[in-house]
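Enquirer: Dropping a structure here in structure tokens format, bear with me for questions.
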Amino acid sequence: MQYVFPKDFIFGTSTAATQIETAFEHDWQYVKSNDGYVLDRTTDHEQRLEEDANLIAALAPYYRMSLMWSKLQRQAFAELDPDTVAHYKNFIAMLQQRGVKIMLVLHHFTNPVWFSKNEGWEKKENLYQWVDFAQKVVDTFGCHVTLWNTFNEPNVYASNGWITGYFPPFKNNPAKAATVIKHMGIAHDLMYAYIKKKFPLHAVGISHNSIVFTSENLLGWFPERLSDWWFMEWVPQHFEQADFFGMSYYARVSHDPMPITYMNSPHKIKKLGKQHDDMWEYHPEGLRTCIDRYWNKYHKPIIICENGVADGNDTLRQQAIVDYARIVHQALQDGIDIKGYFWWTAWDNFEWNLGPAMKFGLYECNFETMQRTKRPSADIFKRLAHHKMIEAS
């Protein structure tokens, strides 16, 4: 069967500056990941701009990217560093010369050390430091941007930073997590208004991580309900001012009462007979579940800002591209206004606290030589993204 997408449907790939560039005085620098690597040098992207621009353009006509705040702005309210501005403008020009359009993410998990050491997002007055940075980014790069994404997955950021303690600042304080979300919500609203005033025709949105939470038994019911309420309901309601609802989707997560994932409890995943990638249960139907949920609640156009699988041997990834394309196509046929779809990710990167062991890339990255090597899945996604169609058996 052939699935054909509208001519104006957006296909792209997605990355984050911290995961592909060498670290520069941010709160993730020198953090040791679960696989023993230390986040510092990642994929040498800043030294391979032309190679990566060619790779990105070959994969899709859109690219979702972020800029490294700590490198662009060396202290609170400072002017943007001119050399870093020139570096990013050079890369964006390379992309535009190759016909690639940009979705720019203004905050993707990391903060400068000077910001985080002063309590970061926990203090309300600090949010204006980020707003100052974001406004300067809009002023400097806005004419090169097509779509705006203010915050990437604030539900993940607050949960892992202040509840599970997996991310900086490595705290276990749910009340502080709620405070962080409230402050980010204020900052989002300020930036929405600023961008719409400066670029009225630009679409501005948010991106939330979406998960299908389930329980395996009675003990799992309460943590599943609590996780769902926090992740899928309470956090998103603080970011409702948007032209589109951005979402990422990777997995269904069950509880018994602890979350059951392949990376933490592979024996349970196998015992339950669940298909999985290297991190989570693989449940592509959950993407439609989350699309329906957000569409019915917010009635805003949807952009899937991240979707992918951790798959070092690339077998599941090839299947996943087709599975997810089929699901998105059916949602379009059913009248849901989905504007675009971004694959995570273009090449393997540093997967936060899990390190480079988790392989999400359409291209393999050798973390010794930094060489990029195309995987078979890259050609499948390339055909989908550029020709707006895919064949499925």
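Values quoted throughout were computed directly from the atomic coordinates according to the rules given, and no laboratory measurement underlies them. Every value quoted in this text rests on a predicted model; they were computed, and no experiment measured them. With ideal geometry, Cβ positions are generated from the backbone for all residues, glycine too; neighbour counts draw on all protein chains shown.
Enquirer: Can you compute log10 of I(q)/I(0) for segment 1-61 with the Debye formula, treating each Cα as one identical point scatterer, at q = 0.14, 0.22 Å⁻¹?
Expert: Each listed q corresponds, in turn, to -0.58, -0.92.
Enquirer: Please name which of MET68, ALA242, PRO112 has its Cα lying farthest along the dipole of segment 2-391 towards the positive end, using unit charges on Cβ (Lys, Arg +1; Asp, Glu -1) and the Cα centre as origin.
Expert: Of the options given, the answer is ALA242.
Enquirer: Something else about it: Go through segment 113-118 residue by residue and turn each phi into a ³J(HN,Hα) via Karplus (6.51, -1.76, 1.60, θ = phi - 60°); whole Hz please, and just put x for glycine and proline.
Expert: My calculation for segment 113-118 gives 4, 5, 7, 5, 6, 9 Hz in order.
Enquirer: So for the chain: antiparallel DSSP bridges make up what percent, rounded to the nearest 5? Can you show the working numbers first?
Expert: Numbers: 12 of 52 bridges.
Antiparallel bridges: around 25 percent, rounded to the nearest 5.
Enquirer: Something else: Contact order normalised by length for segment 2-391, with contacts defined as Cα pairs under 8 Å and 6 or more residues apart; what percent is it?
Expert: So the answer I get is 20 percent.
Enquirer: Hey, can you grab everything whose amide H is under 5 Å from the amide H of LYS123? Only 5+ residues off in sequence or another chain; H modelled, so Pro and N-termini drop out.
Expert: Under 5 Å from the amide H of LYS123: no residue qualifies.
Enquirer: A further question follows. Go through LYS101/LYS196; LYS274/LYS359; LYS71/LYS176; LYS71/LYS117; LYS32/LYS359; LYS297/LYS339 and tell me which ones have a Cα-Cα distance over 22 Å in this structure.
Expert: Working: LYS101/LYS196 19 Å; LYS274/LYS359 20 Å; LYS71/LYS176 27 Å; LYS71/LYS117 16 Å; LYS32/LYS359 18 Å; LYS297/LYS339 17 Å.
Check vs 22 Å cut-off fails for LYS71/LYS176.
Enquirer: On to the next question. Under 1.5 on a/c is rounded, so check that first for segment 172-212, then, if it is not, pick prolate when a/b is larger than b/c and oblate when it is not; a ≥ b ≥ c are the square roots of the alpha carbon gyration tensor eigenvalues.
Expert: Because a/c hits 1.5 or more and a/b fails to exceed b/c, segment 172-212 counts as oblate.
Enquirer: While we're on this one: 5 Å is the cut-off here: which amide hydrogens, built 1.01 Å from N in the peptide plane, fall below it relative to SER215, excluding neighbours closer than 5 in sequence?
Expert: HIS255
Enquirer: Between GLU119 and MET263, take the C-beta separation as r, use R0 = 30 Å, and let me know the FRET efficiency to the nearest 0.05.
Expert: Once the sixth-power term is evaluated, E becomes 0.45.
Enquirer: Moving to a separate point now. Hey, with R₀ at 35 Å, roughly what FRET efficiency would GLN75 and LYS196 work out to, going by the Cβ-Cβ distance, to 0.05? Display every interim value, and only then the final one.
Expert: Numbers: r = 28 Å, r/R0 = 0.81.
So the FRET efficiency works out to roughly 0.80.
Enquirer: Here is a follow-up. Given axes a ≥ b ≥ c from the Cα gyration tensor, I'd like to know whether segment 204-288 is rounded (a/c under 1.5), prolate (a/b larger than b/c) or oblate.
Expert: Cα axes put segment 204-288 in the oblate bin.
Enquirer: Put one equal scatterer on each alpha carbon of segment 112-180, apply the Debye formula with no solvent term, and list log10 I(q)/I(0) at q = 0.16, 0.18, 0.26 1/Å to two decimals.
Expert: Log-scaled intensity ratios, in q order: -0.63, -0.76, -1.16.
Enquirer: If amide H atoms are built 1.01 Å from N in the plane of the peptide, which residues on other chains or at least 5 residues away come under 5 Å of the amide H of GLU153?
Expert: SER207, HIS208, ASN209
Enquirer: Order of 119-130, 63-74, 206-217, 266-277 by packing, highest average Cβ count within 10 Å first?
Expert: 63-74, 206-217, 119-130, 266-277
Enquirer: Additional query: Using the Karplus curve 6.51 cos²θ - 1.76 cosθ + 1.60 with θ = phi - 60°, work out ³J(HN,Hα) for each residue of segment 266-275 in order, rounded to whole Hz, and write x for Gly and Pro.
Expert: Result, ordered by residue: x, 5, 6, 4, 5, 4, 7, x, 8, 5 Hz.
Enquirer: Please give the per residue volume of the convex hull enclosing the alpha carbon atoms of segment 145-304, rounded to a whole number of Å³.
Expert: Numbers: hull volume 19.4 nm³, N = 160.
Expressed per residue, the convex hull around the Cα atoms of segment 145-304 is 121 Å³.
Enquirer: Consider just the alpha-carbon atoms of segment 2-391 and return their Rg together with their Dmax, both in angstrom.
Expert: For segment 2-391, the Cα radius of gyration and maximum Cα-Cα distance read 19.6, 57 Å.
Enquirer: Continuing with this model, one more query. If you plug each phi of segment 19-27 into the Karplus form 6.51 cos²θ - 1.76 cosθ + 1.60 with θ = phi - 60°, what whole-Hz ³J(HN,Hα) values come out, in order, with x for Gly and Pro?
Expert: Karplus-based 3J(HN,Hα) across segment 19-27 equals 7, 10, 9, 5, 4, 9, 6, 10, 6 Hz.
Enquirer: Roughly what would the spin-label model give for ASP35 and THR140, points 7 Å off Cα along C-beta, in nm?
Expert: In this crude label model, ASP35 to THR140 measures out at 3.2 nm.
Enquirer: Along Cα→Cβ, 7 Å out, is where each label goes; now give me the distance between the ones at LEU226 and PHE9 in nm to one decimal.
Expert: Here the answer is 4.0 nm between the modelled labels.
Enquirer: What is the sum of charges, Lys and Arg at +1 and Asp and Glu at -1, for the other residues whose Cβ falls under 12 Å from the Cβ of LYS176?
Expert: Net of charged neighbours comes to +1.
Enquirer: In addition: Taking the Cα centre of the chain as the origin, how large is its charge dipole in debye, to the nearest 20, when only Lys and Arg (+1) and Asp and Glu (-1) carry charge on their Cβ atoms?
Expert: So the dipole magnitude of the chain works out to roughly 560 debye.
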